[in-house]
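These notes concern the structure reproduced below.
The values are calculated or read from the model by the stated rules, or taken from the named source; none is laboratory data. Only a predicted model underlies this, so the values are computations on that prediction, with no experimental measurement involved. Virtual Cβ from ideal backbone geometry, glycine too; neighbours counted across all protein chains shown. Calculation scope for accessible area: heavy atoms of the full protein, side chains included, ligands and nucleic acids excluded. Shrake-Rupley method; radii C 1.70, N 1.55, O 1.52, S 1.80 Å.
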Amino acid sequence: MPYLAVIATQILLVAALAGVRPDARIWGVTAGVVIITVLVLTRQLAAFHDNDRLLTDLDRSMLELRDQKEWFSSLVQHASDVTLVVDDRDAVIYASPAAGRILGIDPEQALGTVLRERVHPVDAGLFDALTAGPTGRASAQVRLRHTDGTYRWLDVIGADLRGNPSVRGVVYNARDITEARALQDKLRHQATHDALTGLANRALLGERLQRPAAGGRISVLVIDLDGFKAINDGHGHHVGDHVLTTVAGRLTALLHPGDLAARLGGDEFAVLVADPHPARVDTLTGQIVAALSAPIDLDGRPLRVGASVGVATGPAGDPDRLLRDADAAMYRTKHHRKAAA
């Protein structure tokens with residue numbers, strides 16, 4: 001309406017001038033005013049058209065942004081991985097919905113809690129190293145405490161985005177690998193331990209014998225059961241298995257921290273002694289002979305086996321030589337016992 005009123009005013013102006021016989025100069029000025037007014041109105045109408053187009057584009061962009069936000073929100077809502085953002089005080093400022101499924105904590109309740117307090121003490125160093133490197137980004141497998149008190153294994157990727165004004169925090173993306181880790185540990189245990197006795201097998205013993213030892217020297221005891229074949233043949237393999245598991249339990253009870261008992265196969269066992277001091281080795285040898293010579297109860301009937309022990313001490317890094325020397329010493333002991341009998 002304002003534009004129509006301006007146009008009508010211009011028309012009335014021209015009509016009024018026609019009645020007073022103005023000169024050419026007035027007509028020229030009047031024509032200029034009319035032309036300028038038309039140009040201004042045309043430009044204004046064009047501006048209105050452009051604004052309308054921009055508003056339409058803006059509405060479309062806002063609609064697309066809303067759709068993207070809903071799409072992203074839907075992805076986060078149903079993601080199997082958990083995303084946690086912590087501030088400079090390590091307090092959680094954001095937790096994705098997966099925190100409830102993985103850690104048993106409601107995302108709203110997680111806000112303000114200290115994330116590091118949930119990390120297993122053994123894994124604290126690995127967790128701190130996630131964002132301590134030069135890139136501020138790393139990954140590691142660490143354990144975080146569930147609300148039920150158990151620990152869940154998580155594959156965590158940390159990224160320090162405190163310098164990003166849109167985030168202003170450290171971001172942790174974590175995937176639950178508890179079941180995969182349990183399966184991995186189970187397979188490794190099966191590969192390194194004897195299925196019957198639960199003791200280490202020859203492979204694990206060899207691995208331990210190759211590790212550097214305190215003082216550079218280690219001692220190995222090789223143990224062979226005397227009279228086991230007669231028991232196994234006379235009473236059956238199930239009784240023989242009972243004897244072997246009993247022997248394994250008695251060996252384990254004599255060990256100190258750092259020692260390792262292993263079953264080499266059949267009725268032959270070995271013990272890696274962490275402290276190769278002669279007095280300790282001699283004491284342990286006597287204890288093993290006494291423990292394995294004690295009767296084993298079988299439904300009220302005592303079964304007896306003896307033990308021949310051979311000892312070898314030397315530098316770590318050559319497990320075959322140590323086991324060979326200990327085995328030779330064990331057979332010398334068995335021979336001397338038979339000769340004395």
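Odds and ends about this structure:
- Column: log10 I(q)/I(0), Debye, Cα scatterers of segment 215-341, q = 0.13, 0.19, 0.22 Å⁻¹: -0.52, -1.05, -1.33
- Ranked by the mean number of other Cβ atoms within 10 Å of their residues, highest first, the peptides 120-130, 302-312 fall in the order 302-312, 120-130.
- Here the chain has 58 percent of its accessible surface on carbon and sulfur atoms, given a 1.4 Å probe and all protein chains in place.
- Selection among Ile93, Thr246, Leu322 by position relative to the dipole of the chain gives Leu322 as farthest towards the positive end (Cβ unit charges, Cα centre).
- Simple spin-label estimate for Asn51 and Asn164 in nanometres, 7 Å along Cα-Cβ: 3.8
- Its residues counted as N, segment 90-178 yields a C-alpha radius of gyration over 2.2 N^0.38 Å of 1.03.
- Relative to its residue count, the chain spans a Cα convex hull of 242 Å³ per residue.
- Taking the chain and dividing mean pair separation by its residue count, relative contact order in percent (alpha carbons under 8 Å, at least six apart): 11
- Mean Kyte hydropathy of 0.0 or more with a Cα span along the axis of at least 27 Å, helices from DSSP in the chain: 24-78
- CD proxy at 222 nm, helix term only [per DSSP H run n ≥ 4: -39500 (n - 2.57); per residue of the chain; nearest 500]: -17000 deg cm²/dmol
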